Structure formats: structure tokens, C-alpha cells
Amino acid sequence: MAPKQQIRKEEWERRLHDVQVSKTDLNRLVMDYLVIEGFKTAAEEFSKEAGLASPVDLESIESRMNIREALQRGDVGEAITRVNDLNPEILDTNPSLYFCLQQQKLIEFIRQGRISEALEFAQEELAPRGEENPEFLAELEKTMALLAFESSPSAPPSISDLLSPAQRMRTASAVNAAILESLSQGKEAKLVALLKLLCWGESMLDERAEFPKLDISEGTFK
Amino acid sequence: MSARRSRSTSISVPASSSTARLENVISMPFLASPGLVGSPRPRMTNATRPSLTVSSGPTTTARRNVATSPVRSISGSYSYSNAASRSPVHSTSPPVFEPRIIRAGPSPARPVDPACFPSVTSPPTAPTRRQSTTRLNSGITPVYHAPMRTVEGSAPTTAPAVTHTQTEVFPRPTYLDHSALRDLLQTDAPISSVDARSAEARAPVTWSTSAYPISVPAVSHYPYLRRVQTPVTESEDEGSSPPPSTAPIAPNPVLMANPVLRLPTRWSEQDRHPPLSVSPDGRELTFIGPSCIGEKDSAAARANHPIPPACGIYYYEVEILHKGSKGHISLGFSSPDVRLSRLPGWEKQSWGYHADDGWSFPGHKDGSPYGPTFDTGDIIGCGVDFSQHRAFYTKNGTFLGMVFENVGKGHELYPAVGLRHTSESIRVNFGHAPFKYAIEDHVHSQQNCVWADIQSTKINWDLLQGINKYEEPSDSRESPKTSGIEDDSVKAPLRKLVLSYLAHHGYAKTAHAFQAQCERSRVPVASTSAKVEQDMDTDDNTTIGPDQELRTRVDIVNAVLRGDVDTALVQTRLHFPTVLEREQGLMLFKLRCRKFVELSVEASEALKRAKQLQPQPTQEVAERGPELHSRVSAGEDVNMDGMDGEGAMDVDDPSHEAHSDSSMNSSSVSTSTLSATEDRSETASRPRQASRSPSARPTSPHAAAARQALHTALAFGQTLEADYKHDGRPEIRAHLKRTFGVVAYTDPLAAGGEVAEMAGQEARVRLGNELNQAILESQGKPVHPALEMLYRQSAACITQLGLLNVGSAAFADMPKEFLEG
């Protein structure tokens, strides 16, 4: 590898200066973030203050958030109902998402110690799907293994993880993403993608050159 | 707002000379982002622009040399060394390599050319330029569909037409529009066509098409790396920046921020083995003379420029015109160091696909079966993917698969072709014509792959806080599974980022709603976010300080936005007194200038009202209105009237007609004309006024109001001039001049161009932003919100990576990913 190139501060400032981005561009990024992350009132205010149209119906933000919250507190039934209220096609056209929700429901039964209900639900609702699709079956088996370990600390992480908040979060994100997709929105805020890009870009560049690094929390340079 | 967008594009361009304005127009496509109005400052120093038009000169001209056009006779007078070396010697010229200068992308030799060439280059380029100028000026978005290509397709490119210009000029191939560094990539086409087309898509991330290194005026103009000490003057600095005519400062290689990356456009006249003859248009290669005997002997040629890895993917096609008896044709790529007496693929640092057996050769004699053989009439595509450093070929539009490794790693790479036998002949398409293969789709899918790869990067907050800083407790780095926003260690800082952005620009209500919702949805958070929420709390309840400051700042900016400069001044003086004092009162000066503009506009509006609302006695008023105005606009008249003691509003003086014409030129309103020391306050002049034209007076109170408004404006203007007449700072002078120019127009808002820019809402927005930044700075806050810096830093990294030949960077197309849709 060639020695690192030194990029002078002046040169870098020039580059920063040359970047074409306007306040409206940035406002849109912020709006995208507010919408996707579900900040409904903020999105409303921002739409007025910045004179920017919201890319989606703001009401949809609220129902999406309600669904997410329902999933995060473990109320899968409520979430399914609400998703279908919002747009029945979301679950109809997405079997793996529907399975994911059913699996979450099973997990919640087990978490609550409602073992017989869990078994019944698994046999009636999930087992037939597991036959259709080997991936579903594997997930089902993994979930059923929870019963065997039953809060034993010896359970392997991949199984005990199903009971962690992260699992709820994953399900909630998957549903959230599907709803956003049905609204033709990205599943993740563009700002997050931007952060990833910067991480990639800075580390790639760091291998090749010395350049001023940004402290993103302050917006200043090191 | 939207109605104004087109106008806003030219706003930040207060250049005073017509040349400068032309260049600005050319650069408009890149300014075309609709939000520029609100951007904190103009994005470019225009003084550097002219370069790009000129840049196409040398090469084009050199081309024309080869052609048998009348231009040729002039060529001898060039002082351009390359032109000489490119003289049309075909068979006799030894296989010398082109001078290195030609290849070096950022060619430092270019800047000297403009002066030498205008006579030759301007005829062909000027009309195109002018055309695009007017089109853009009129605010119509130019819709191009590969302009040059259409021309080529429709025009009879066959026999006789070609004689005119034998070098085919073509714009950047459209598949390269996918590259994040597209604006650096250029063919020899007149720049305007390329630019106009990219305007169709969207303003790209980087403005960069400067043909030669931009001399960085002064570091302080880009206050990104500093925090407090830098003055916020950049949005007005065009006035003081050197005019375009200024000779370019000796290029400093380190500051060559954005070089032009030349794309191959033809086979090189020099970089070829003697038996190969290049057609006048540079596209055909024919083996002339006795066939090569033995493997040692072959004949290869390379293109005139290396392939910039910033292309991401580069692709060209070759038509086999004549396969000859054996078909020992090799198509591919090679470094400039490979001997031209060898077929591409046989030597190290060269790669080739051979016609006779369909084998591929990765830089040594041991090739391997790769694709079908190819024959006369076949079209073979050669592609190189710099994100993988691999090559691929196509035959008659069909993809043949990826091949080779480490292609073009660590050295320059040229399109290269090798022939061995008499009468073998090929014709290249470097983008002259549409490609057989759907290369755009190919590029697009590779772009998606690379982007997905980039997006699998885990967000490393420590990295984002500066690589050397590891102060955060390690618990913020847990949860390795999720890299997305579900990760709380990202969530909280991201919220802070958004909140500080909202606060920066004074979106107070949004900020409050956002904060409130963050509070409600309080989730278990890592330490970083706890800190953030604490910050939020402070903002909200604990101390009223920061919140109050935000509100005051918003109020002040809003006052500027609605034209209430007095309130803005008073409030600023009260709460942020240092803002007005900094830089010897520059901000105060600008605010006062704005007040004068507001008064002038007010006066012109009052006049309009007078005309509209008084249709009865209008005969008179309507006639007097414009007279009066043009009168006033002729500053000298006003002044002389003042001296005569006749009153500024004397509409009966016939001399005004003589002056009104010249008054249309803003610069003719010499600032000195308004510097009358005599205090012509409105109370003083009005009675005189009334007595002089009693007939108009009682019937048109609106006209009276108009006169009064105008007089107030002028009186203020005189004070302004008096106060600053000893301030010799160029930016003060320029700004003052432009400010006074506004009064020369009957209806500044409708005047269009520079005047409307000075008078309109955009100017308020700009000033408001400037004031906002100045206040923030005075409070020790960053001039640019962190969010903006996030974007800028990312884009700068991508550009730099592209220039360092990291092919993947070309596929990180930020405008596409973040700004569209």
C-alpha cells in the first residue's frame, strides 16, 4: 500500500465547500427521519415551519406507531388487527411477515407461561405453515425449544434470545418496514443510511489518507 | 416559493461583468437544487468558473489539427506543445509515447491555454454555449435526451458530412451518469452539452467541473474546520473575489481540489505501434504493411486517455471491421508501460480477449478459454469494474461473464487493442454512439450491490465522534447485531443531531414537538442518550437561557424575512450586540443596506398602488408615475434637483428623459450621486412639492404616499452613503453599489436578474441566514449544523476516495440516495 496521502486542511475545506446540498435538501432529510421514525406532531410542525409537504399521510404515522408500540409491549393480536385495518394487503402478500408475527405471538404465550395455549396455537396455526416452508419450520422448532429450556440459564443464546426485548424489536421493525414499503417509503431513515455511508467513507479514506475527521456529535472537526 | 425557484438559481451570483454572469449561467445546472434559496450561503466562487468552458479547447483544437480543415493553418501558431506533438503524421511517426502531461488528469498545463485559443475554439463552442445560456436563463428546464447522440443518429454521418469535423465530439456516455464523480468525468465535448444534460437529472453532489485547479481564494472563506473566529462573510464574498479575467494563480497541486478526469475519446496518434494506422476520426485502427511473423511481433494501440477509476465501471465497444486471415485480434486493457509490440493480455499489466480462439489472457501467455470467437461484423464490448478490479466482455450485446483479477490496481489503465495481420481493422465506440450492450442496466445493478454493501456497514459512533476519541463508556458499543436505528446507541445521538439542526435553523415549534415526543417514547437508553435527554431537559425547563436565545434568534431572523429590518436591528443590538460590531460592523452595514432596499421596494410598490387605485385622475398620475420613477432612478437628476432646491420630485423637468436610459444600468447610478449632503428630509420637500403640482395633489393621496415613500428611501440612502463613503473595503463598495442599483428600477421585484435578486425574498432569506449564522457564531456555536456537516463530510470523503481510485466510491451516489424522491 502506498503511503498515506496528506490532505491539507485548506484542501479539505474546499471539498466541503464544493458539496452541493441546500437547506431544502437537508430539510427533506429531516422530514424523512421524522416520518419514518414516527414523530407525527414534529412532522406536522415541520411541514408548516419549513414549508415542506409530508411525503405520506401523517395519520398513517400514528397508526404505524401504535402498531409498533403494541408489538413492543407484546400485544401481537392488537398489532395484527391494526395492520389489517391499515392495509390488509400487507400481511396477505407477505407470508413470512405473517409467520413472523405468529411466531411472536407464540413467544408471548410462552413468556407468559400459558403453555397449553402456546401448544395449541403452535399446532393449529404454525405447524401447517412449517410444512409449507422449511425456514418457517426451523424457526418454529427453535421457538418450541423455549419450552424445553423454560427459563433455564443453560439455554443457548440463539434460543433464549427469542425472549429478549431485541426479538420484539426485530418483529416490530419488520412490520414497520413492511408498512413503510406499502407507503412507498424507505424502511430506514435516510439519515441512518447517511451515517453508515460516513462510517464507510471515513474508514475507507482513513486507510489511504490523513484528513480532518468530523465529530458528528458537535459538528466540528478534530 | 416554487414559482421562484428558477430565479433563485441565479441568485447567488452578484457578478457585475457580463462574462462573469455568463459563466454563472453555465454553472447553473449545479445550482439548480430547489432549495438553494434557503441555503446558508452560495456554494461557489464564480471567479473560477470560466475555466471549464475553455478546458475543452485544447483537446478539441488539437483534434482539429488532424482534420483537414482550414483551422489547420492556424495551428502552427499555437504555443501549446501538445498540439504540435499531435500533428497529423500517421505512418511516419515513431511509436513515441505521448508526453506525460497529456495523461496526467489534473493537467497543470491547461490553465495557460485559454488565452492562446479563443480564436480557434470559440466559433464551434460559442453558439452552443449561448444557446444553453438563454435556455437556462429563461428558467426552462432543459430536457435533453442524450443530445449529441440524437444529432449523430439523425444526421448523415456517412460519407460527405464527416469531412467537416472529422473528430466526432460526443458527450459523456450516459451510463457514467451513475458515477458519483460524474461531474469530473469529461470527454472533449463542449462542456455545455454535458452540463445541461446532467441538469436534467439533478444537481449532483459536487460541483467540480472546473477544468483547472481552482485557486483557493482565502482559507477563511470556507469556515468549516473552524468554529468561532471565522467571519461569516462568504455569502457576500463574490463581490470581492477576483473577476474571471484575473489570470489564474499558479496551480498549487495540493489545492487542486477537483481535477477534470478525461475519458478516452479516440485512439492515440502516438501511443501505437507503427504498422497500425489510425483513421482521421480516431476511431478506426487498421493494420497496414506486412503481417507480423512470430509471437514476439504484434501491434497494439492505446486510447488517448487512461480510464479514470472514478467511473466505477468503464465500458467501450469495438466493431470488427475486418478480421483478416487469422483473426489475431486482442481486445482489452493495458497499462501505459506495456510494450506496444505485444498483444494485450500477453504482457504483465495487460488483459485481452482474443478473436481467433475466444480465450482470455490475464497478463501472461497462459490464457484460458473464456468466450466465443469473434469475426468480422461482431461488436465486442470491453468493460472494467473498478469496484471489483475485474473485467468483462460482451459479444453483440450479450454478457460473457466477469474475468481477470486485480485489473488496473495500482497503475493507469487504457483501452487497448492489438492486431497482427495485414488488413485487420477495427472501429471503436467510446460512447460516440449507443452501445449494443445494456451497459446502463449493468452499471445500475452493480451500483445497487455496492450500495447494499456500504449500507451493511455498522454505525460506529466512536468513529463518528472523531477517530481518536474514545471517551464514551464501552456500553454504548453493545448490541452488535443491529446496526440500524433500533440500536439505541445510534438512536439517541441521531435525535440529538436532528434536534440541534432544528434549533440551528430556528424551527422552534418542530423542535419542541420533537423533544416532547422523545420524552414520551423514552426507551431504555445508553449513556450517550441519557446525556442527550439531559440536554433536552435543560433546553426545555431547567434554564430558560438557551430556549430564550433560540426564540430571540428566530424572531430576529423572521423579522428580516418579512422585511422588518428595524426590528431585526433593535433586537440584535439588544441581545447579541457583538454581532453588529464584528468585522467592523459588516453585519450592521448589510442590514442597513437591506433597509434601504426595503424602502426602495416599498416606494415602488406605493407607486404601483397609486397607479392602480386612482384610475380617475390617473391620466396624470399614471403618466407621472413612471416619469417620476425614472427620474429618480437617474440618480444625477435627483442630486441636481436637490442642489437646485427644486425638490427631488420635480416631474416637470424634461431633462429626465435623457437620463432614464442610462439609469437602467445599475452601475451607472454612481453611488456618489446619492451622497448629497443636503438634508432633503421629506418634510422639507413635500410642501414644495405640493405647491408645485397642485392639480395632482388633492386627487391622488396614493401618489403622495408614493412620493413620500420614495423620498424616505432616498434620504436613507444618502445617510447610508454618507456613513460608508470612507469605508474602502471592496466588499462594502460592491455591496453598496448593488444596493443603490435597486432604486434605478420602477419595479425592482419584476425587473428580473440581479436587481430582483437584490430586492426579492431570496435576498431576505440569504441575509436572514447570514444573520442567523453570525448570531450562532457569536454564541460560540458552529456555523453549520452537525447534520449539514455530516452530509458534507460524507460527500467529501466519497469524492476523495474516487480521486484516490477507489472504484466503489463511484457508486455511492449521494444525490440519488439522499436527495431525490
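The values are calculated or read from the model by the stated rules, or taken from the named source; none is laboratory data. Quick caveat: nothing in here was measured; it's all calculated off a predicted structure. Using ideal geometry, Cβ is built from the backbone for each residue, glycine included, and neighbour counts are taken over all protein chains shown. Areas reflect the complete protein model, heavy atoms only, side chains present, ligands, DNA and RNA absent. Shrake-Rupley method; radii C 1.70, N 1.55, O 1.52, S 1.80 Å.
Those residues that are under 41 Å from the mean Cα position of the chain (by Cα) and either surrounded by 21 or more Cβ atoms within 10 Å (Cβ to Cβ) or part of a loop (DSSP other than H, G, I, E, B) (or both), I need them from the stretch B:279-288; list them, please.
B:Ser279, B:Pro280, B:Asp281, B:Gly282, B:Arg283, B:Leu285, listed by residue number.
For the stretch A:84-98, which residues satisfy the criterion of being at pLDDT 90 or above and closer than 21 Å to A:Ala166 by Cα?
A:Leu97, A:Tyr98
Could you say which residue among A:Ser116, A:Ser184 is within 14 Å of chain B (Cβ to nearest Cβ) and open to solvent by 50 Å² or more (accessible area, probe 1.4 Å)?
A:Ser184
Working carefully through the options A:Glu69, A:Glu124, A:Glu49, A:Glu131, find the one that is open to solvent by 60 Å² or more (accessible area, probe 1.4 Å), outside the structural domain of A:Val175 (by TED's automatic domain parsing), out of contact with any Pro (no Cβ under 9 Å at 6 or more places or on another chain) and on the phi < 0 side of the Ramachandran plot.
Criteria check complete, one pass: A:Glu49.
So, in the stretch B:735-762, exactly how many residues are without any contact (Cβ under 8 Å) to a residue 12 or more places away in the chain and within 18 Å of B:Val565 (Cα to Cα)?
Looking only at that region, the number is 0.
Regarding A:Leu140, is this residue more than 10 Å from every other protein chain (Cβ to nearest Cβ) and open to solvent by 30 Å² or more (accessible area, probe 1.4 Å)?
No: the conditions fail for A:Leu140.
Being within 14 Å of another protein chain (Cβ to nearest Cβ), surrounded by 21 or more Cβ atoms within 10 Å (Cβ to Cβ) and not aromatic (Phe, Trp, Tyr): is that true of B:Leu771 here?
No, not satisfied.
Quick grid of which residues meet (1) closer than 27 Å to B:Thr187 by Cα; (2) in a strand (DSSP E or B); (3) in the same structural domain as B:His432 (by TED's automatic domain parsing); (4) modelled with pLDDT under 95:
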{"site": "B:His328", "(1), (2), (3), (4)": "no, no, yes, yes"}
{"site": "B:Pro336", "(1), (2), (3), (4)": "yes, no, yes, yes"}
{"site": "B:Glu347", "(1), (2), (3), (4)": "no, no, yes, yes"}
{"site": "B:Gly377", "(1), (2), (3), (4)": "yes, no, yes, yes"}
{"site": "B:Ala391", "(1), (2), (3), (4)": "yes, yes, yes, no"}
{"site": "B:Phe399", "(1), (2), (3), (4)": "yes, yes, yes, no"}
{"site": "B:Val407", "(1), (2), (3), (4)": "yes, no, yes, yes"}
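Mind listing whichever residues of the stretch B:791-816 are more than 18 Å from the chain's Cα centre (by Cα), under 14 Å from A:Trp200 (Cα atoms) and facing another protein chain (nearest Cβ under 7 Å)?
B:Leu801, B:Val806, B:Ala812 - these are the residues of the stretch B:791-816 that are more than 18 Å from the chain's Cα centre (by Cα), under 14 Å from A:Trp200 (Cα atoms) and facing another protein chain (nearest Cβ under 7 Å).
Checking B:Val498 against (1) modelled with pLDDT under 90; (2) within 26 Å of B:Val557 (Cα to Cα), which test does it fail?
(1)
State which residue is nearest to the other protein chains (Cβ to nearest Cβ) when the search covers only the stretch A:1-46 and only residues that are among the polar types (S, T, N, Q) and touching a strand residue (DSSP E or B) at 6+ places or on another chain (Cβ under 7 Å).
A:Gln20
Which one of these is open to solvent by 50 Å² or more (accessible area, probe 1.4 Å) and more than 23 Å from the chain's Cα centre (by Cα): A:Phe221, A:Phe149, A:Phe211?
A:Phe149
Does B:Tyr724 fit the bill of being under 30 Å from B:Arg553 (Cβ atoms), within 11 Å of chain A (Cβ to nearest Cβ) and among the aromatic types (Phe, Trp, Tyr)?
no
How many residues does the stretch B:491-507 contain that are at the interface with chain A (Cβ under 8 Å from one of its Cβ atoms), closer than 15 Å to A:Glu45 by Cβ and part of a helix (DSSP H, G or I)?
Residues flagged as at the interface with chain A (Cβ under 8 Å from one of its Cβ atoms), closer than 15 Å to A:Glu45 by Cβ and part of a helix (DSSP H, G or I) within the stretch B:491-507 amount to 3.
Within the group A:Leu101, A:Leu52, which residue is modelled with pLDDT of 85 or more, part of a loop (DSSP other than H, G, I, E, B) and touching a helix residue (DSSP H, G or I) at 6+ places or on another chain (Cβ under 8 Å)? Give the steps one after another, and end with the answer.
On the way: A:Leu101 fails: part of a loop (DSSP other than H, G, I, E, B).
Of the residues listed, the single one that is modelled with pLDDT of 85 or more, part of a loop (DSSP other than H, G, I, E, B) and touching a helix residue (DSSP H, G or I) at 6+ places or on another chain (Cβ under 8 Å) is A:Leu52.
Starting from the stretch B:415-430, take each residue that is closer than 13 Å to B:His354 by Cα and list its partners that are of a type in the set (Lys, Arg), counting only C-beta distances under 6 angstrom and pairs at least six apart or across chains.
B:Ala416/B:Arg302
Can you tell me which residue is most open to solvent (accessible area, probe 1.4 Å) among those in the stretch B:735-760 that are outside any helix (DSSP H, G or I) and either touching a His at 6+ places or on another chain (Cβ under 6 Å) or at pLDDT 75 or above (or both)?
So the residue we want is B:Thr746.
Check A:Glu207 against each of (1) more than 12 Å from B:Leu464 (Cβ to Cβ); (2) in contact with a helix residue (DSSP H, G or I) (Cβ under 9 Å, 6 or more places away or on another chain) and name the one condition it does not meet.
Here A:Glu207 clears every test but (2).
Of (1) within 14 Å of chain B (Cβ to nearest Cβ); (2) open to solvent by 50 Å² or more (accessible area, probe 1.4 Å), A:Asn84 satisfies all except one. Which?
With (1) within 14 Å of chain B (Cβ to nearest Cβ); (2) open to solvent by 50 Å² or more (accessible area, probe 1.4 Å) applied to A:Asn84, the lone miss is (1).
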